[in-house]
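Heads up: the structure comes next, in structure tokens.
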Amino acid sequence: MRPMSLYRIQDGVAVITLDHPPVNSLNHALRQRIVQALDAAEADPAACALVLTGQDKAFSAGADVSEVGTPAQLAEPILLTVLARVAACRKPVVAALSGVALGGGLELAMTCHGRVARASAQVGLPEILLGLIPGATGTQLLPRLVGVPKALDMMLSGQAQSARAWADSGLFDRVIDDGADLLVAACALARGWAEAGARPASPRERTLDAAQVAAEVHAARQRLTARQRLQPAYAALLDAVAGCALPFEEGARQERAVFLQLVPSRAAQALRHQFKAEREATKLPADVQADPRPVQTVAVIGAGTMGAGIAICALDAGLKVLLLEQNDEALARGQQRIREHYSGRVAAGKMPAAVAEAAQSRLTPTLDWPALAHADLVIEAVFEDLAVKQAVFRQIDAHARPGAVLATNTSYLDIDQIAQATARPQDVLGLHFFSPANVMKLLEVVRGARTAPDVLATGMALGKTLKKLPVLCGNAFGFIGNRIYNAYRKQCEFMLEDGAWPEDVDNALTGMGFAMGPFAVADLSGLDIAWRMRQAQAATRDPRERYVPILDRLCEQGRLGRKTGAGYYTYADGKQSPHTDATVRRLIEEASAARGITRQPLSAEAICRRALLAMVNEAALLLAEGVAARASDIDVVLVQGYGFPRWEGGPVFWARQQDRAGLERELRELAERSGYGWRLGNLDTLLPG
Ligand code: NAI
């Protein structure tokens, strides 16, 4: 009896084709069908062996996310039962892989007696990115197939790689060209074993040298980065892998215990929250549903740090790019940047030379404004100065074709004031990239008062084309990210006056997992940017507001940050001193004294809480103002653009873990410390229920 749609005989082999499109996620119904098919194949006299396969796009992407936390996830047959059934099969079972084989999908393939893959198939164990470890014997199987070091490379990175890259690792019996027939190759392998009467041992039956496993795991533990050590899943993964020196069943039990402990951990919850928040963020809200305008040619105006980076993303995405500058020298510098970028990637083996050449052949450098007529979308990335940008937008208006989308990469300026320089404000929006623009995934898509829905839809669609994470923002000073970052930085400056040194603040925050502390960041980007902005705002600043003058004093002394060898820190040989020097300490003490503050040391915990509270308060304000469409968008922006530790979920996620009454009390205390002019946000916008 062969009742299942996923079962057929080819060349004397039972071919079982996973049939849960689009990516064969291993939901309960599919798991049931696989077990039935395995039973049928084993009993079928017409089949001497079995091949498990999927579709071109996917062998299987692993667990079904929609089942997580529902009874279906734990309903038999669970994935472990399916794997045990495969391993117990008396006939040889070969997995035939094309498309993705991830997580549980790869664990299923690794349980088979053999594996054949298309060179382009993508394999990986991404669980660590969700704060978990492979939970269906992956930590036991992969080291048995490829050795501990390579297995850890895959599991610690969570990144998928092509089967081509794993061709000689022991993971596959054969890797075939994409053009070759996968099933023919897999059936031949399976039938060969059956005919020889020599079914190979299941990877489960292999043993590893215990002393070597221990040494390799120990070495990997020493290499964990500070940020990895802050996340429970990394050490847990190493514990589980250490178990592969034990008999399989015992190691698998250990793995399961570790996995089940991690599932409810705060880090895993935070990472699941980020994962969902990122998916949500890219969706347009109901009031701006529209079809995007088609974009094939992008014009980038200004070939500086940002313009060159934006041009590279667009070229990588296959778009044509027009790069416009104000003079030959600046244009040549921009072109040089782009050339160096591509030659660097080729030299590092990260891009084939032909691909780099093809990308650069789509670039047209120019000094001619009329060339803009060819662009579907224009991105301005000139100096951060309203008058300069307005002049540039007048030129754009004069030369861009009707219907072209006109974007500014401004960090702080008012999109509406820029749009007013044109006769078509409906076509204008902000596309705020982050530096380096070809690396950072975040893209703030800023809606002006008159921006048309299809223009916003085009901005969001372009973000996806450029492989970015586009987040919709309202047009308010600093949009979402810089607005929250400013509130955070200001609070960190208050802490300097109250008793902390810059290194206390920076170390506390990096100790919590931030990529860098605010004072090290300020030194890196240059204090003069903030200084200029402070000078511009001086006339309108209310003198009753708490204002910390330390940065101004540093700049007056020529301490502009890393580029001048000193800022908050000093940089001997380009390396940051771990402590601030006597000059900076004196400046800080003077600032405290001028405000009548008796300096009190702040603990690392107090510093982190104040920094987080400042972010949460600002998040509540900007949600109430509608600058962010959803609370979770704020978390995406902070994690993707500002080095907020992803495994802490973002400020909104953090706030939701706190006791509400306590949070309100702490925010009121923060308001008192922050002085006149501080606006207290309403937590109703932020906290559900
Ligand atoms: P940059 O100074 O490196 O480059 C600006 C370029 O614009 C220069 O090459 C200049 O020659 C060119 N330019 C100036 N006026 C022009 C005109 N009339 N026509 C054509 N080209 C002209 O500046 P950067 O850092 O690339 O910043 C550009 C914009 O991006 C600014 O609005 C900035 O706020 C924004 N931004 C900067 C970020 C950063 O980290 N640097 C991050 C996000 C946004």
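The value of relative contact order for the stretch 482-685, using C-alpha pairs under 8 Å at least six residues apart, is 27 percent. Only the Cβ atoms of Lys and Arg (+1) and of Asp and Glu (-1) were treated as charged; on that basis the dipole of the chain about its Cα centre amounts to roughly 340 debye. For the stretch 441-454, the Karplus equation 6.51 cos²θ - 1.76 cosθ + 1.60, evaluated at θ = phi - 60°, returns couplings of 7, 6, 9, 7, 9, 9, 9, x, 4, 10, 4, 6, x, 6 Hz by residue, with Gly and Pro reported as x. Between the alpha-carbon centres of the stretch 20-70 and the stretch 389-461 there is a gap of 48 Å. With both labels modelled 7 Å from their Cα along Cα-to-Cβ, the Ala449 to Val346 distance reads 5.0 nm.
In sequence order, the stretch 601-615 has phi-based couplings of x, 10, 6, 4, 5, 5, 4, 4, 5, 5, 4, 5, 4, 4, 5 Hz under the Karplus curve 6.51 cos²θ - 1.76 cosθ + 1.60, θ = phi - 60°, and Gly or Pro positions carry x.
Ordering of 36-43, 114-121 by packing is 114-121, 36-43, highest average first (other Cβ atoms within 10 Å, averaged per residue).
Taking the Cα centre of the stretch 281-346 as origin and assigning +1 to Lys and Arg Cβ atoms and -1 to Asp and Glu Cβ atoms, the resulting dipole is close to 180 debye. Ellipticity at 222 nm from helices only: DSSP H runs of n ≥ 4 in the chain, each -39500 (n - 2.57), divided by the residue count, give -14500 deg cm²/dmol. Between the helical axis of 248-262 and the longest alpha-carbon principal axis of the chain there is an angle of about 30 degrees.
Taking all Cα pairs closer than 8 Å and separated by 6 or more residues, the relative contact order of the stretch 1-131 comes to 25 percent. A dipole drawn for the chain from +1 and -1 charges on Cβ atoms has a positive end, and of Gln335, Ala63, Tyr568 the residue lying farthest that way is Ala63. Packing here is the average count of other Cβ atoms within 10 Å per residue, and on that basis the peptides 198-211, 536-549, highest first, run 198-211, 536-549. Cβ crowding within 10 Å, taken as a proxy for footprinting-reagent exposure, orders Asp633, Asp177 from fewest neighbours to most as Asp177, Asp633.
What is the Cα radius of gyration of the chain over 2.2 N^0.38 Å, N being its residue count?
Normalised Rg, Cα atoms only: 1.09.
Within a straight-line Cα-Cα reach of under 18 Å, Lys91 can be paired with the following aspartates and glutamates, leaving aside sequence neighbours fewer than 8 residues apart in one chain: Asp11, Asp39, Glu42, Asp44, Asp173, Glu195, Glu205.
For the chain, DSSP calls about 25 percent of its internal beta bridges antiparallel. Taking the number of Cβ atoms within 10 Å of each Cβ as an exposure proxy, the fewest-first ranking of Ser60, Ser5, Ser157 is Ser5, Ser157, Ser60. Dividing the alpha-carbon radius of gyration of the stretch 482-685 by the rule-of-thumb value 2.2 N^0.38 Å gives 1.00. About its Cα centre, the stretch 422-510 has a charge dipole of approximately 720 debye under the convention of +1 per Lys or Arg Cβ and -1 per Asp or Glu Cβ, with nothing else charged.
Here the relative contact order of the chain, from alpha carbon pairs under 8 Å that lie six or more residues apart, stands at 9 percent.
Once backbone amide H atoms are built at 1.01 Å from N, Cys473 has Val445, Val446, Arg447 as its partners under 5 Å, excluding neighbours fewer than 5 places away on the same chain.
Along the axis of the charge dipole computed for the chain (Cβ charges of +1 for Lys and Arg, -1 for Asp and Glu, origin at the Cα centre), the listed residues Thr81, Gln228, Met155 are led at the positive end by Thr81. Counting every alpha-carbon pair across the stretch 287-475, the share separated by more than 26 Å comes to 24%. Exposure proxy shown here: for Leu612, Leu129, the number of other Cβ atoms within 10 Å sets the order, fewest to most, as Leu129, Leu612. Projecting the Cα positions of Leu587, Ala167, Ala419 onto the charge dipole of the chain (unit charges on Cβ atoms of Lys, Arg, Asp and Glu, taken about the Cα centre) puts Ala167 furthest along the positive direction. Within the stretch 6-262, the ratio Rg/Rh, alpha carbon atoms throughout and Rh by Kirkwood, equals 0.95. Treating each Cα of the stretch 1-155 as an identical point scatterer and summing with the Debye formula, the log10 of I(q)/I(0) at q = 0.09, 0.10, 0.19 Å⁻¹ comes to -0.26, -0.32, -1.20.
Where a number appears in this text, it was derived from the coordinates with a stated rule and is not lab data. Model, not experiment: these values are computed from the prediction. Here Cβ is always computed from backbone atoms with ideal geometry, including for glycine, and neighbour counts include all displayed protein chains.
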